[in-house]
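Peer 1: Starting off with a structure, shown below.
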Amino acid sequence: GDIISWMMKSQGVSFRHAVELLREGDFTALAAQPVKRSTITKLPTPLNANAEDQALLIQVVGYYHQALKQNPEALEYLNKRGLNDSAMIDHFKLGVANRTLAYRLPEKNRKAGAEIRSRLQTLGILRKSGHEHFNGSLVIPVINHNQVLELYGRKLNDNLRKGTVYHLYLPGPHQGLFNIDALETSKEIILCESLIDALTFWAAGYRNVTASYGIEGFTQAHL
């Protein structure tokens, strides 16, 4: 078979996982015989299992941010929306969720894996199924004074099966204010319906902009 099939069979992983292993380029511990299903993490984890919740969220945001910079589909989406401003991408820590975070976590049948996955489920990063909540989405964090208070996800692909939710948030009530620096320093504020709308203004030079969380997402904190 081809190199991807060989990686799938020798490591006991899915097609997508095999691609990540090949991209990582570390072949020092490959099995000589086929493996039905691997339960050992082969990619380095970007998360510190001992970190507090906020530190863990910051690490997730950082991972998604770096993933975006290597993801042609996400970068093309931003380009089509007029948001291909590298300074803006870094300033707001824009990211993409593409399933690769879960591949870098210990398996759930191991103590370390069960603990970190449970915490990520509580925070809303993983669903009960173990899948990434924002998979396939551009991820826009709302960070206030080094605290991640909200994550917004917008599906990159519009050709999805009927019933798919295109706009995702963390579970629970909305918290935080997007681009809080502007709200603390500007007397006049441009209020948009969505975070992507607000990014469009920011990229066009209007930095005194913020957004509600959709048409029904104007909170008391916004007021």
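Here is a yes/no grid of residues against (1) in a loop (DSSP other than H, G, I, E, B); (2) at pLDDT below 80:
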| site | (1), (2) |
| --- | --- |
| MET7 | no, yes |
| HIS17 | no, yes |
| GLU20 | no, yes |
| ARG23 | no, yes |
| ASP26 | yes, yes |
| ALA31 | yes, yes |
| LYS36 | yes, yes |
| ILE40 | yes, yes |
| ASN48 | yes, no |
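Peer 1: Moving on. Restricting to segment 190-216, give me the number of residues that are more than 17 Å from LEU83 (Cα to Cα), out of contact with any helix residue (DSSP H, G or I) (no Cβ under 8 Å at 6 or more places or on another chain) and not in a loop (DSSP other than H, G, I, E, B).
Peer 2: Residues flagged as more than 17 Å from LEU83 (Cα to Cα), out of contact with any helix residue (DSSP H, G or I) (no Cβ under 8 Å at 6 or more places or on another chain) and not in a loop (DSSP other than H, G, I, E, B) within segment 190-216 amount to 1.
Peer 1: Quick check: anything in segment 88-108 among the polar types (S, T, N, Q), open to solvent by 30 Å² or more (accessible area, probe 1.4 Å) and either touching a helix residue (DSSP H, G or I) at 6+ places or on another chain (Cβ under 6 Å) or more than 16 Å from ALA198 (Cα to Cα) (or both)?
Peer 2: The answer is no; no qualifying residue exists.
Peer 1: For segment 3-24, name all the residues that are over 21 Å from the mean Cα position of the chain (by Cα) and open to solvent by 90 Å² or more (accessible area, probe 1.4 Å). Explain how you work it out, then say what you get.
Peer 2: Filtering segment 3-24 down to residues over 21 Å from the mean Cα position of the chain (by Cα) leaves 3-13, 22.
ILE3, TRP6, LYS9 - these are the residues of segment 3-24 that are over 21 Å from the mean Cα position of the chain (by Cα) and open to solvent by 90 Å² or more (accessible area, probe 1.4 Å).
Peer 1: Could you grab me the full set of residues in segment 177-189 that are of a type in the set (A, V, I, L, M), open to solvent by less than 50 Å² (accessible area, probe 1.4 Å) and in a loop (DSSP other than H, G, I, E, B)?
Peer 2: Answer for segment 177-189, where residues must be of a type in the set (A, V, I, L, M), open to solvent by less than 50 Å² (accessible area, probe 1.4 Å) and in a loop (DSSP other than H, G, I, E, B): just LEU177.
Peer 1: Confirm whether TYR103 is closer than 17 Å to LEU168 by Cβ and in contact (Cβ under 8 Å) with a residue 40 or more places away in the chain.
Peer 2: No.
Peer 1: So, in segment 132-176, exactly how many residues are under 20 Å from THR219 (Cα atoms) and open to solvent by less than 30 Å² (accessible area, probe 1.4 Å)?
Peer 2: Of the residues in segment 132-176, 12 are under 20 Å from THR219 (Cα atoms) and open to solvent by less than 30 Å² (accessible area, probe 1.4 Å).
The values are calculated or read from the model by the stated rules, or taken from the named source; none is laboratory data. The structure presented is a predicted model; accordingly, all values stated were derived computationally and were not measured. When we count neighbours, we look across all protein chains shown, and the Cβ atoms used for this are built from the backbone with ideal geometry, even at glycine. Just the protein is used for accessible areas: all its heavy atoms, side chains included, with ligands, DNA and RNA removed. Shrake-Rupley method; radii C 1.70, N 1.55, O 1.52, S 1.80 Å.
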